[in-house]
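The values are calculated or read from the model by the stated rules, or taken from the named source; none is laboratory data. This structure is a prediction, so every number in the text was calculated from the model and none was measured. All Cβ positions, glycine included, derive from the backbone under ideal geometry; neighbour counts span all protein chains shown.
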Amino acid sequence: MDISKKIIEATIEIFSTMVMMDITVDDEDVKDSGKLHDAITGMIGLAGTHKGVLAIHIPHVVAIAITGSFLGMEVDGINEDVEDAVGELANMLGGNVKAVLVENGRDIDLSLPSTISGASYQFQSSKDVEKSLIRFRTESGSFLVELQLEK
Amino acid sequence: MGKNVLLVDDSSTMRKIIGRSLRQAGIEFDNIFEAGDGLEALAILEKEKVDIVLSDINMPNMDGISFLREKSNRANMKDIPVLMISTETGDDIIGEAKSLGAVGSIKKPFTPDKVNEVLGPLL
């Protein structure tokens, strides 16, 4: 099962059908999300046969553009609409990832989505995890989708 | 007289998207009520005339399955159709929703065409 391929397909589908924004996949091999600056992260926990987290890390300027396109209105800063939109992106991605993992015999439950936002932070797991990271590009900049699954 | 719809989702973004999709699908409602969870949805159904409910499954306070269960116990609202709109696609959870009276489901993400295809025949 190529989970990265599934994440790419799901992200492109979500952005084309609901956000109404063109995105492309970056071929860069990303090993770690590293230090995130002026960014917002939407995340959803996975529990059950396997545990993990699905996160989408988006620079503020890109999150504002995404939210504006998602809602069809001008957004002038990081506000509740942006936080909610990013959380909902994580929610939809989490749902798609769950469907793939369940197809492959895993029993998974999803948490409710949550977001964190700040000037500088790092998103790390304290456990031994297998990471899949994919960078996507938009007209406003790039964002990362990260899946961490406990080994 | 036109129809009224109740949108139930803890994401205000998603409620706006569903509203937009209804308009793009050419489905008109006189009133679009909104609720953030099953408890709010029940409160609205107690006082407003609603012809159809579009509900998420995973929500805080009262999720979509619990909402269906409680709604089915109330004579004044048990016959109002509920269409699930959710990231959940598993046969077990969708099957449980249908056993509690849900008339169908739409998976997120969705297009206006999909909304029209599933919702249109129910109106």
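Sub-8 Å Cβ pairs linking a first residue in segment A:67-96 that is free of Cβ contacts under 8 Å to residues at least 12 places away in the same chain and under 25 Å from residue B:89 (Cβ atoms) to a second residue that is aromatic (Phe, Trp, Tyr) and surrounded by fewer than 23 Cβ atoms within 10 Å (Cβ to Cβ), at least 6 apart or interchain, number zero.
Take the residues in segment B:88-99 that are within 13 Å of chain A (Cβ to nearest Cβ) and in contact with a strand residue (DSSP E or B) (Cβ under 7 Å, 6 or more places away or on another chain); name whichever of them is farthest from residue B:6 (Cα to Cα). Looking at residues that are within 13 Å of chain A (Cβ to nearest Cβ) and in contact with a strand residue (DSSP E or B) (Cβ under 7 Å, 6 or more places away or on another chain), I get B:89.
Considering only residues of segment B:100-115 that are touching a residue at least 24 places away in the same chain (Cβ under 8 Å) and away from chain A (no Cβ under 14 Å), which is surrounded by the fewest Cβ atoms within 10 Å (Cβ to Cβ)? Among those residues, the one meeting the criterion is B:101. Among the hydroxyl-bearing types (Ser, Thr, Tyr), assigned to a helix (DSSP H, G or I) and modelled with pLDDT of 95 or more: is that true of residue A:67 in this structure? It is true that residue A:67 is among the hydroxyl-bearing types (Ser, Thr, Tyr), assigned to a helix (DSSP H, G or I) and modelled with pLDDT of 95 or more. Based on this model, can you work out whether residue A:53 counts as buried (at least 20 other Cβ atoms within 10 Å of the Cβ) and either small (Gly, Ala, Ser) or under 18 Å from the mean Cα position of the chain (by Cα) (or both)? It is true that residue A:53 is buried (at least 20 other Cβ atoms within 10 Å of the Cβ) and either small (Gly, Ala, Ser) or under 18 Å from the mean Cα position of the chain (by Cα) (or both). Counting only helices (runs of 4 or more DSSP H) that fall entirely inside segment B:1-114 and contain at least 1 residues that are more than 30 Å from residue A:16 (Cβ to Cβ), the qualifying elements are B:38-47, B:64-72, B:91-99. Given the criteria closer than 27 Å to residue A:111 by Cβ and either surrounded by fewer than 18 Cβ atoms within 10 Å (Cβ to Cβ) or under 12 Å from the mean Cα position of the chain (by Cα) (or both), does residue B:80 qualify? Answer is no for this residue. Looking at segment A:96-151, which of its residues are surrounded by 18 or more Cβ atoms within 10 Å (Cβ to Cβ), in a strand (DSSP E or B) and over 15 Å from the mean Cα position of the chain (by Cα)? The answer is A:108, and nothing else. Is it true that residue B:72 is away from chain A (no Cβ under 14 Å), crowded, with 17+ Cβ neighbours inside 10 Å and of a type in the set (Gly, Ala, Ser)? No; evaluated as a whole, the condition is false for this residue.
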